[in-house]
Structures are given as C-alpha cells and as structure tokens.
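Below is one structure, written out as structure tokens; comments come after it.
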Amino acid sequence: MEFQGANFQNVGSWLVRLARLDLTVFDDVKDDAGATVPALVVAVVASFLSGLGSWLWWIFQDFPKGGSEVFIKSLILGGILQVGVWFLWVYVAAMILSRGLGAAADLNRLLRTMGLAFAPMAIAVLMFISFLAIPFGVIAVGATVALSYVAMQAATGAQPQQVMLANVLGFVIFAIVLGILGNLAQVYEVGGLAPGLFFFSLD
C-alpha cells in the first residue's frame, strides 16, 4: 500500500473543489501516491465529526445523564469502528470490480479517491440542531454514497453499471454493519456503537 510522500498542503483545495462540485479533483488525486495518507485522514476526520454530531445531539437534548457514555460509544468507538467499516466498503467494492466483474480496480487508487469522497460524512456534525438532526444525517450519508460512485468511476476503468453495483453492494455492507453496531451497547435504548445517523437504534 502506498503511503510515501504524504502531502497535506492540497487537502484544503481538494475540499473546496468538492464543495464547488468540481469532480475533476478525483482525477488529480487517483494517481498521486502522496495523496493516500491525506485522503485517509479526510475519511478519519469526517468519521469523528459525524460522531461529534450524534454526541452533540445527545447533549442538546438535555438528557439527565449518559453524555460521557455517548461520547465514548458514538464519538470515540463509533468513529473508529466507522473507519474500519469504511475500509470494508472500499475493499468489497474493489474485489467485486476486479475479481467479480473483471474490471481494473487498484485498491490504492480507490482508497485515495473514496477517502476524499467520504468528506460529506462530516455534515453529520450539524445533527446537534435537533429538529434537523435526521435530515442532516441523511444528507451526509446520501452525499457520501453519491460522491463515492464518482470517486470509484474516476479510479477504475469499469463501466458505470459495474461501478454502481460495486458501490451499492459495498455501501449496503457498510450500512448493515453500522446498523448492527448502533443496536449494540445502547445508551437508554436510543443508540449504540456508531456515529452520526447510524448511532440511532432501530428498536
């Protein structure tokens, strides 16, 4: 896996271009080995920001207690677990494309582009606005899935329908695992070991 020559100076410009919907940023990132670590950092930071959103939601709900437990379970453990499950999403998509569909899918290129595409998950930090918590959570997840499709398309030589299949299946696994984690070690039967939208239990 390529981690040499990490360059964090371009991260800000990448994110600004994403915010402007300049999707050519993925073409610039995919072959830049120095972008691997910064792109992974973007995914990690976005994951912890989504956990911060669910923790702040709890705090702003004025629950009598449980804030420190939610901090640990949703923000800290949930953020870490979400990063791990995101890696699974990327790996599953790469395997589907390369081994299942015979398309060219380099894992390093996918990690770079999909790491950057995970940035919208940070929108979930706005879930502390209680009456907009679910909309912001849904927007964060939806935008991440949409950008992941574009990122995967840029990083591979696969056909659009192949990319769609791989991305959807990877995301389904991501969502199922996080949904299960959200139902584990619940705090007052509200949510468990997952950040952002996935914090909330479906019980």
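What follows draws every value from the coordinates through simple rules; no lab data is involved. Predicted model only: the values in this text are computed from it and were never measured. Reconstructed Cβ throughout: ideal geometry from the backbone, glycine too, with neighbour counts over all protein chains shown.
So what are the ³J(HN,Hα) numbers for the stretch 52-57, from phi and the Karplus equation (6.51, -1.76, 1.60; θ = phi - 60°), rounded to whole Hz, Gly and Pro as x?
Whole-Hz 3J(HN,Hα) from phi for the stretch 52-57: 4, x, 5, 5, 5, 4.
Grab the Cα-Cα distance for Phe60 and Val168, subtract it from 0.36 nm times how many residues apart they are, and report the gain in nm with one decimal.
Stretched fully, the Phe60-Val168 segment lengthens by 35.5 nm.
I need Asp106, Asp27 ordered by Cβ neighbour count within 10 Å, fewest first.
In increasing order of surrounding Cβ atoms, one gets Asp27, Asp106.
Calculate the radius of gyration of the Cα atoms of the stretch 111-171 to one decimal place, then report Dmax, the largest Cα-Cα distance, as a whole number, both in Å.
Answer for the stretch 111-171, Rg first and Dmax second: 13.1, 42 Å.
Mind checking the angle between helix 160-182 and the chain's longest principal axis? C-alpha axes, 0 to 90 degrees, to the nearest 10.
Helix 160-182 and the main axis of the chain meet at about 20 degrees.
Give a residue-ordered list of calculated ³J(HN,Hα) values for the stretch 121-128 (Karplus: 6.51 cos²θ - 1.76 cosθ + 1.60, θ = phi - 60°; whole Hz; x for Gly, Pro).
Running phi through 6.51 cos²θ - 1.76 cosθ + 1.60 with θ = phi - 60° gives 4, 5, 4, 5, 4, 7, 5, 5 Hz.
Between the helical axis of 107-117 and the dominant principal axis of the chain, each derived from Cα atoms, what acute angle in degrees is found, rounded to the nearest 10?
Here the helix axis deviates by roughly 50 degrees.
For Gln9 and Ser68, FRET efficiency with R0 = 35 Å and r from the beta-carbon atoms, rounded to 0.05? Mind dumping the intermediate values first?
Values: r = 37 Å, r/R0 = 1.05.
Computed FRET efficiency for Ser68 and Gln9 comes out at 0.40.
How long is the chain along each principal axis, judged by its Cα atoms, biggest number first, in Å?
Taking the Cα atoms of the chain, the three principal extents are 52, 36, 28 Å.
So for the stretch 55-203, taking the charge dipole from beta-carbon charges (+1 Lys/Arg, -1 Asp/Glu), which of Ala154, Ser130, Leu193 sits furthest toward the positive end?
Ala154
Give me Ser201, Ser74, Ser68, Ser54 sorted ascending by neighbouring Cβ count inside 10 Å, so fewest comes first. Don't skip to the end; give the middle numbers.
Details: Ser201 17, Ser74 34, Ser68 10, Ser54 31.
Listed from fewest to most nearby Cβ atoms, that is Ser68, Ser201, Ser54, Ser74.
What order do you get for Phe198, Phe48 when you list them from fewest to most C-beta neighbours inside 10 Å?
Phe48, Phe198
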